[in-house]
Amino acid sequence: MDKFIVNGGVPLKGEITVVGAKNVALKILVASLLTDEEMVIRNVPQIRDVFFMLEVLKVLGVESTVDGHTVRVKHTHVPKAKVPLEVGARLRTSSMVIGPLLARYGEATTPNPGGCRLGARPIDRHIDALKDMGADISYHSDDGYFYGKTDGLHGATISFAKNTHTGTETLILAAVLARGRTILENAAQEVEIDDLISCLNQMGAKIKRETARRIVIDGVSALHGTEYSIMPDRNEEVTFAIAAVITGGDILVKNSSRKNLDAFLSQFAGHVETIDETTTRYFGNGPILPSDISTAQYPGFMTDWQAPWAVLMTQAAGVSTIHETVFESRFSYVSELKKMGADIEFFDPVVDKPEDFYNFNWADRVAGYHQGIRIKGPTKLHNAVLKINDLRAGATLILAALSASGESTIHGVEQVDRGYEKIEERVRELGARIERVKED
Ligand code: EPU
């Protein structure tokens with residue numbers, strides 16, 4: 001276990017390159033179960049979740065080699081279509097192997113997935129949809145496993161009652177080898193899903209996003225290997241953009257993907273300059289304006305961005321609000337920012353029909369959660385001893401410590417390592433004073 005020691009107050013300046021998207025890499029690795037031919041995946045981030053996924057796949061007969069950002073994977077056989085709890089519980093996407101395993105082997109035993117605790121995070125929408133395709137799946141609460149069986153997955157028309165990003169992907173991964181046509185209505189629109197679709201189509205799948213929210217998949221009998229380069233991680237870019245502004249710095253982001261950041265950039269005027277198609281400059285420039293943000297699925301303001309945005313809003317002159325609508329509990333960083341002097345209070349936004357409005361299952365929401373925070377700024381943040389509770393909250397606390405006065409200690413660094421590649425080494429090249437130290 002490591003911690004970060006951060007001495008804040010240095011404007012970050014220089015050049016940084018965004019690595020490949022975690023939330024694509026993990027799904028394309030799952031896709032390796034769909035073929036017995038080798039896949040060469042490029043631009044894979046070197047993060048803990050990728051290594052956890054390779055362990056999950058190893059148990060399922062996938063051999064892998066990692067050479068920098070290139071990962072070669074080859075699946076030959078499934079010794080047993082079961083993911084052990086201790087391996088699968090480490091990451092949420094481990095549950096996604098259920099689709100390929102059911103499609104190819106007619107059975108799958110997968111543990112209730114782990115990952116960031118942002119509320120209940122059930123996978124009921126995935127399971128119900130797989131049942132519509134002919135799978136028989138039951139959850140055993142005594143051992144924490146989903147037991148799935150099928151005589152063969154068949155196409156179906158599935159209409160998700162509510163948006164689900166990995167649910168949409170899980171169904172695509174199940175449907176590519178199913179018999180007949182699958183239609184996903186009310187499918188999620190995240191650009192990461194389309195990158196997975198491109199890779200699968202390159203492997204011989206027949207998938208088409210017919211309209212923004214309808215995806216049609218015609219099952220094929222087999223897929224072949226491919227070589228694929230993953231799109232840049234838009235969450236990393238947002239983190240670096242905010243790092244530039246909040247430290248009063250000036251950062252040139254390479255491998256930038258502005259077209260996927262519209263909802264973010266529309267709030268960020270005055271701090272951005274387009275250099276060329278894949279290079280963007282972000283810089284601190286004059287006052288930071290307060291804002292009212294409501295998170296949403298794509299193409300809205302991503303839930304992953306609200307935590308770093310909250311740090312930025314501590315520096316805005318006036319009152320800002322953030323309304324989290326996707327997850328029921330994604331404000332774990334608030335108590336930590338308050339230790340640094342941030343003026344933040346929870347509130348309960350009034351909405352019509354919360355059961356329809358929110359993306360999570362409102363009826364199962366734990367009493368005591370709040371969906372809104374109100375931030376009064378500007379407040380000069382000061383050093384503190386901090387604890388990371390989830391991945392994006394981790395990046396947030398690093399941003400806060402980089403902009404604060406004095407020396408902060410951040411515990412729980414393994415959460416950041418799950419999704420950000422060597423973050424401390426990369427921001428150090430921008431001038432940040434941050435060290436990784438072994439916990440005593
Ligand atoms: N939900 C259910 N039942 C389901 C599926 C989802 O109740 O069967 C709820 C979730 O608990 C959540 C909401 O519906 O409240 C939306 O969930 P969704 O399935 O869309 O999100 P996810 O697939 O769990 C992915 C990313 C998240 C990202 C969201 C939104 C991956 C591995 N995770 O989560 O990324 O925030 O979509 O785009 O792709 C991260 O990278 O740190 C991260 C959490």
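Points to keep in mind about this one:
- Candidate set: the stretch 134-159, residues that are buried (at least 19 other Cβ atoms within 10 Å of the Cβ) and out of contact with any helix residue (DSSP H, G or I) (no Cβ under 6 Å at 6 or more places or on another chain); chosen: the one farthest from residue 113 (Cα to Cα): 155
- Boolean, residue 147 is assigned to a strand (DSSP E or B), within 14 Å of the ligand (Cβ to nearest atom) and either more than 29 Å from residue 419 (Cβ to Cβ) or not small (Gly, Ala, Ser) (or both): no
- Cβ separations smaller than 7 Å between residues 6+ apart or across chains give the following pairs from the stretch 360-378 residues that are farther than 14 Å from residue 326 by Cβ to residues that are modelled with pLDDT under 90 and within 10 Å of the ligand (Cβ to nearest atom): 364/120.
- Looking across the stretch 242-256 at every residue that is hydrophobic (A, V, I, L, M, F, W, C), touching a Pro at 6+ places or on another chain (Cβ under 9 Å) and under 12 Å from residue 311 (Cβ atoms), the one that is farthest from the ligand (Cβ to nearest atom) is identified as 246.
- Selection of helices (runs of 4 or more DSSP H) fully inside the stretch 341-440 by the criterion of at least 2 residues being open to solvent by less than 40 Å² (accessible area, probe 1.4 Å) returns 391-403, 414-417, 423-428.
- Residue 206 passes every criterion in (1) within 16 Å of the ligand (Cβ to nearest atom); (2) surrounded by fewer than 19 Cβ atoms within 10 Å (Cβ to Cβ); (3) of a type in the set (Lys, Arg) apart from (1).
- Residues of the stretch 66-93 classified as in contact (Cβ under 8 Å) with a residue 40 or more places away in the chain, within 15 Å of residue 34 (Cα to Cα) and buried (at least 20 other Cβ atoms within 10 Å of the Cβ), total: 2
- Strands (runs of 3 or more DSSP E) within the stretch 252-321 that include 1 or more residues under 30 Å from residue 357 (Cα atoms) and of a type outside the set (Lys, Arg): 292-294
- Among the residues making up the stretch 40-65, those that are in contact (Cβ under 8 Å) with a residue 40 or more places away in the chain and of a type in the set (Val, Ile, Thr) are 40, 41, 44, 47, 56.
- Per this entry, residue 414 is not counted among residues that are under 30 Å from residue 44 (Cα atoms), touching a Phe, Trp or Tyr at 6+ places or on another chain (Cβ under 8 Å) and among the charged types (D, E, K, R).
- The residues of the stretch 154-187 that are over 19 Å from residue 105 (Cα atoms) and of a type in the set (Lys, Arg), listed by number, are 162, 181.
- Within the stretch 9-21, tally of residues that are away from the ligand (no atom under 16 Å from the Cβ) and either assigned to a strand (DSSP E or B) or open to solvent by 10 Å² or more (accessible area, probe 1.4 Å) (or both): 8
- Checking 87, 78, 62 one by one, the residue that is modelled with pLDDT of 95 or more, among the hydrophobic types (A, V, I, L, M, F, W, C) and on the phi < 0 side of the Ramachandran plot is 62 and no other.
- Residue in the stretch 258-276 that is open to solvent by 20 Å² or more (accessible area, probe 1.4 Å), hydrophobic (A, V, I, L, M, F, W, C) and at pLDDT below 95 present: yes
- Residue match in the stretch 216-224 (condition: within 16 Å of the ligand (Cβ to nearest atom) and modelled with pLDDT of 95 or more): no
- Flag: residue 63 matches the condition of being among the charged types (D, E, K, R), away from the ligand (no atom under 16 Å from the Cβ) and within 17 Å of residue 35 (Cβ to Cβ).
- Residue 162 vs. criteria modelled with pLDDT of 90 or more, within 16 Å of the ligand (Cβ to nearest atom), more than 25 Å from the chain's Cα centre (by Cα) and open to solvent by 20 Å² or more (accessible area, probe 1.4 Å): no
- Every condition in (1) at pLDDT 95 or above; (2) within 14 Å of the ligand (Cβ to nearest atom) holds for residue 351 except the one numbered (2).
- Against the conditions (1) more than 16 Å from the ligand (Cβ to nearest atom); (2) touching a helix residue (DSSP H, G or I) at 6+ places or on another chain (Cβ under 6 Å); (3) under 30 Å from residue 387 (Cβ atoms), residue 24 satisfies every one except (1).
- Looking only at the stretch 242-288, residues that are of a type in the set (D, E, K, R) and in contact with a strand residue (DSSP E or B) (Cβ under 7 Å, 6 or more places away or on another chain) come to 5 in all.
The values are calculated or read from the model by the stated rules, or taken from the named source; none is laboratory data. Everything quoted here is computed from the prediction, not taken from an experiment. No Cβ is skipped: glycine too gets one built from the backbone with ideal geometry, and neighbour counts run over all protein chains shown. Note: areas computed on protein heavy atoms with side chains; ligands, DNA, RNA excluded. Shrake-Rupley method; radii C 1.70, N 1.55, O 1.52, S 1.80 Å.
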